[in-house]
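Here the structure comes first, spelled out in structure tokens, and everything after it is commentary.
The values are calculated or read from the model by the stated rules, or taken from the named source; none is laboratory data. Nothing here was measured: the structure is a model prediction, and the numbers come from that model. Cβ placement follows ideal geometry from the backbone for every residue including glycine, while neighbour counts extend to all protein chains displayed.
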Amino acid sequence: MAQDIVNWILLGCFYAAIGLGFSLVWGLMNILNLAQGSLVILGAYVAYWSYTVLHLNPFVGILVAMGVLFCIGYAIQYVMINRVIRAPFLVTFMLTFGLDLLISNVLQDVFTAGYKAINTPYSSAGFEVLGARIPLLNLAVGAIAVALTAALSLFLSRTRIGNAILAVGMDRDAARLMGISVANSYALTFGIGAALAGAAGAMLAMTLQFSPIFSGQFTLFAFVIVALGGLGTPWGALAGGLLFAFAEVFGPLVPGVGFGLDTAIAFVVLVLVLILRPYGVLGKPFYS
Amino acid sequence: MLELEHITKRFGGLPAVEDLSFRLRSGEVLGMIGPNGAGKSTAISLIGGALAPTSGTIRFQGRDITRLAPHQRALLGIARTFQITQPFAQLDIRENVIVGALFGGGVRSRARAARRADAVLERVGLAHKARLKGDELTVADRKRLEMARALATNPQLLLLDEVMAGLTPREVGEAVGLIREINQSGVTVLVVEHVMRAITGVSDRILVLHHGRKIAEDAPDAVLSDPRVVEAYLGERYARQRAADQARRGAETGSAAFDPPTPDDTWKEGLV
Amino acid sequence: MAKPTPDREIEADAALALAPRESKDWRWSLGLGIVILAVIGLIPLTGDQSALGMWTFIVMYCVLAQGWNFIGGFAGHAAFGNVAFFGIGAYTVSLVLERNMPYLLGLVLAPIIAGLFAFLLGLPVLRLRGHYFAIATLGIAEALGQVIQSKNVGGTAGEISLNPPGLNFELTNSLFFYGFLVLSLLTLLGTTWLTRSRFGYALVAIRENEQAAEALGIATYWYKVGAFVLSALPTAVAGGLFAYWQLSFDPVGEGGAFDVSISVAMVLMTFLGGAGTILGPILGAIIIEYLDQYTSISFTAIHGPLLGVLIILVTIFLPQGLIRLVQELIRAPAGVKQSYPMRVRQGVRRVTRFILSNGI
């Protein structure tokens, strides 16, 4: 039982990282980034490469992944998504889906579908508390995820650029009248979202295995996490992550459910939550 | 025909409409005015059904409609226009109005709906533009389309939400004529407006809202001379100043205090 | 109401010059659709079996796209989980055949069960707004596939493997091809009827402006549920035919009965062809599925990325779909009489300008 609780919390924090970038892009630009999963896997590959080829510390690899993904995300937004931003949401939906297809297939062609992971000497290190084993890496990853959430929250509310991004998210045309470059803000937002996805990918590479096959699943997870926790604040991703992890860890323990039904459980929970609280648990109509 | 009893609508903690009660008699034209943010559009949405009141009851022809959905109210005979026009952009005007006839208007066959649509379009003066698409119209025509669609549902109560906003003085005159004609054909009308000249010309009675509360309900002239109303619109200092002016010069016609001079008047003032 | 004043008479004449072309469009679309399907119907006569196989898939996707068009194109609500109905159809037929019940019973039951499922699912899910509805439907389809797999419905891990039925007549590939073709034709007729019916008007009104539609007396919620159920019917029958034809398939994964890429394909095809039009889905399905089949055989490696690039290009440059593009090309601007070549020239200029203009 204690082990389940440990698993739940650590998994929940990790899931928060997956949902953070998705939440930002959705909350501020009303875009469902269906390429989220692919970006996460891409980040995992970057981190893997920086470890195996550049021999960098995996934690530094997180930063490398964030940097690379930021540039890619910025470019994607500026060149492609900005063109369709005023179109009905189905258009951007399909566009990000196309991107997802492109990225994950290219990854599959180049790297094959084999599972990869960053294996370090301390990968299995951990310690025991109250009969539950706490793996060190997972703990570190969880802490980083929470730190990222806090950092994002502070960035949006305290920095000039963050405020500008929020302004554009609330009222694009009014922000433009204030002299804010909307195209740039959007590109920054998506870039940051991609960077966060990259961080999640790097963390994934450190703690679990990854392969391009998982990209779709992560996108779905990101959606459920954000929808559960609510838009409007980065902490929603954390709330959603914990909720989702709870369903994943404790759901199969319900008699009759068993394992292998993650997605089904996730969506039943999601639909129920949405019906009761359309904005999600912590959600607000506007990002702030 | 329509009764609002102690209607309150709160958004979060903010009351958009507070303890509003009034009666609308069958066949009359009731004007609703008030400064921006007074709650006029909220009131229309509450009557039309797009919003549900936090508390209070609405009765239509004796029947409690507080819990009814907008489409159900439309079928009962309540039609509304939208302040920000909502045309069906991909359809042409004629088809826009046909939709109104087919559903709210209770017509079953498309052919009969088309005939009614043509008649309505003729009435509002859009017949010659029937084939233009919803998003190809001028502002005045969009407002006319809103009215035409609402009329196609054969309503007994018509709620007009700022149909004159953005119209030139001549277009305002035409709209006033149209509203009068609609009322004379037996439709009860509730008009929300900012253009004072228009609303005084068309209303039997006027209701004034301020910060969501009713502050006056009377005949047009009485309402516009009411110092509370003047104060709500133009502020306390102006009200006092105007009272002083009036004492000196004698009362001026009600609505002149609220409207900017029309182009016709200004050039006359330039003459010695 | 005052009679039109002099400066209005010029407008009046100009506007009257607009021929009432709109009401004739459906005849063109229906006619063209029938012609296209008829031409496709000649394929089996060539005797080329591999072409027959490819085109059977193409026609199947025509049906799927046409089905999606009801909820996604006409009602304007993008459902991303319509593959669920396909899978339901496939599994209904499979379960019927596994129990040695009358051969065609499955085909009759498939739309009924799928329609019921669509109704029950639609009730809660259509209360959700745009994004949520899309992903909720996506998730339900995924979840359904997972449930079938984990509960071993129809076989271990949900894998279906049917024995060819012993029937009096031979089941040739051509039979299934024509089965899909007839289904597509029926759906084409159904779509055409929809555009002329009261129900269709309600859906379009809901798509264009749901709030205004409600204010005009349309019970939007129920019409949306109706559209959703309607979209399930041809999709489920197609799924059933798929089961009869393939006899062996998995619930999830590529080519599976609940494969999410089928959902996406439906959307993309309708999109490319023109959502909410009669011909759009058929056109889009032919183009995309042909490309897909061709590249998956000849260019397997770039097949996936190619599809991705195609989707990106379509969404950026051609979001309104091909049919509407053509309509826009030959449209006469308000009030001016023009010959067709002139209209096309101006239309090309207009369209190019639109395509190249930046969104922001």
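Here are the numbers:
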read-out	value
Count - residues of segment B:174-194 that are more than 22 Å from residue B:207 (Cβ to Cβ) and crowded, with 16+ Cβ neighbours inside 10 Å	1
Residue match in segment A:141-156 (condition: surrounded by fewer than 16 Cβ atoms within 10 Å (Cβ to Cβ) and farther than 20 Å from residue A:236 by Cα)	no
Residue check for residue A:37: crowded, with 18+ Cβ neighbours inside 10 Å, of a type outside the set (A, V, I, L, M) and over 16 Å from the mean Cα position of the chain (by Cα)	no
Counted residues, segment A:81-101 - those being out of contact with any Ser or Thr (no Cβ under 8 Å at 6 or more places or on another chain) and surrounded by 20 or more Cβ atoms within 10 Å (Cβ to Cβ)	7
Checking residue C:224 against (1) of a type in the set (Lys, Arg); (2) within 12 Å of another protein chain (Cβ to nearest Cβ); (3) buried (at least 21 other Cβ atoms within 10 Å of the Cβ), the condition it does not meet	(2)
Selection from segment A:72-87 of residues that are within 21 Å of residue A:198 (Cβ to Cβ) and either facing chain C (nearest Cβ under 7 Å) or in contact with a Phe, Trp or Tyr (Cβ under 6 Å, 6 or more places away or on another chain) (or both)	A:73, A:77, A:80, A:82
Residues within segment A:102-119 that are part of a helix (DSSP H, G or I), more than 7 Å from every other protein chain (Cβ to nearest Cβ) and surrounded by fewer than 18 Cβ atoms within 10 Å (Cβ to Cβ), tallied	2
Pair list, Cβ < 8 Å and 6+ apart or interchain, from segment A:15-30 residues that are on the phi > 0 side of the Ramachandran plot to residues that are at pLDDT below 90 and aromatic (Phe, Trp, Tyr)	A:30/A:89
Residue in segment A:11-34 that is crowded, with 24+ Cβ neighbours inside 10 Å, β-branched (Val, Ile, Thr) and not in a helix (DSSP H, G or I) present	yes
Residue ranges of helices (runs of 4 or more DSSP H) in segment B:33-114 with at least 3 members more than 11 Å from chain C (Cβ to nearest Cβ) and over 23 Å from residue C:207 (Cβ atoms)	B:40-48
Every residue from segment B:174-204 that is in a strand (DSSP E or B) and out of contact with any Gly (no Cβ under 7 Å at 6 or more places or on another chain)	B:189, B:190, B:192
Qualifying residue in segment C:85-102 (condition: of a type in the set (A, V, I, L, M, F, W, C), closer than 24 Å to residue A:34 by Cβ and either away from every other protein chain (no Cβ under 12 Å) or out of contact with any Asp or Glu (no Cβ under 7 Å at 6 or more places or on another chain) (or both))	yes
Whichever residue in segment A:199-243 is away from chain C (no Cβ under 14 Å) and outside any helix (DSSP H, G or I) and, among such residues, is surrounded by the fewest Cβ atoms within 10 Å (Cβ to Cβ)	A:209
Any hit, segment B:202-213, residues being surrounded by fewer than 17 Cβ atoms within 10 Å (Cβ to Cβ), in contact (Cβ under 8 Å) with a residue 24 or more places away in the chain and closer than 21 Å to residue B:178 by Cα	yes
Residue count, segment C:227-270 (criterion: touching a Phe, Trp or Tyr at 6+ places or on another chain (Cβ under 7 Å), farther than 27 Å from residue C:290 by Cα and surrounded by 24 or more Cβ atoms within 10 Å (Cβ to Cβ))	1
Total residues in segment A:46-59, condition more than 19 Å from the chain's Cα centre (by Cα) and either in a helix (DSSP H, G or I) or modelled with pLDDT of 90 or more (or both)	4
Enumeration of residues in segment B:115-129 that are in a loop (DSSP other than H, G, I, E, B) and more than 9 Å from every other protein chain (Cβ to nearest Cβ)	B:126
Among the candidates B:59, B:67, B:80, residue that is basic (Lys, Arg) and under 14 Å from residue C:212 (Cβ atoms)	B:80
Segment B:146-173, residues that are assigned to a loop (DSSP other than H, G, I, E, B), over 17 Å from residue B:44 (Cα atoms) and of a type in the set (A, V, I, L, M)	B:167
Checklist (1) modelled with pLDDT under 90; (2) of a type in the set (A, V, I, L, M, F, W, C); (3) farther than 23 Å from residue C:194 by Cα applied to residue B:101, failing item	(3)
Residue in segment C:315-326 that is at the interface with chain A (Cβ under 8 Å from one of its Cβ atoms), modelled with pLDDT of 80 or more and more than 19 Å from residue C:65 (Cα to Cα) present	yes
Test set (1) at pLDDT 80 or above; (2) over 27 Å from residue B:138 (Cα atoms); (3) in a helix (DSSP H, G or I) - residue B:224 fails condition number	(1)
Qualifying residue in segment C:133-147 (condition: facing chain A (nearest Cβ under 7 Å), of a type in the set (S, T, N, Q) and touching a helix residue (DSSP H, G or I) at 6+ places or on another chain (Cβ under 6 Å))	yes
Qualifying positions in segment C:169-215 - hydrophobic (A, V, I, L, M, F, W, C) and not in a helix (DSSP H, G or I)	C:169, C:171
Looking only at segment C:116-132, and only at residues there that are more than 8 Å from every other protein chain (Cβ to nearest Cβ) and surrounded by fewer than 20 Cβ atoms within 10 Å (Cβ to Cβ), the one that is nearest to residue C:229 (Cα to Cα)	C:119
Criterion: more than 14 Å from chain C (Cβ to nearest Cβ) and out of contact with any helix residue (DSSP H, G or I) (no Cβ under 7 Å at 6 or more places or on another chain) - qualifying residue of A:90, A:54, A:69	A:54
Qualifying position, being of a type in the set (A, V, I, L, M, F, W, C) and surrounded by 21 or more Cβ atoms within 10 Å (Cβ to Cβ), among C:90, C:51	C:90
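Yes/no per residue for (1) among the small types (Gly, Ala, Ser); (2) farther than 23 Å from residue A:216 by Cα:
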{"residue": "A:72", "(1), (2)": "no, no"}
{"residue": "A:81", "(1), (2)": "no, no"}
{"residue": "A:98", "(1), (2)": "yes, no"}
{"residue": "A:102", "(1), (2)": "no, no"}
{"residue": "A:126", "(1), (2)": "yes, yes"}
{"residue": "A:141", "(1), (2)": "no, no"}
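Residues checked against (1) in the same structural domain as residue B:132 (by TED's automatic domain parsing); (2) among the polar types (S, T, N, Q):
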site: B:59; (1), (2): no, no
site: B:67; (1), (2): no, no
site: B:84; (1), (2): no, no
site: B:88; (1), (2): no, no
site: B:99; (1), (2): yes, no
site: B:102; (1), (2): yes, no
site: B:109; (1), (2): yes, yes
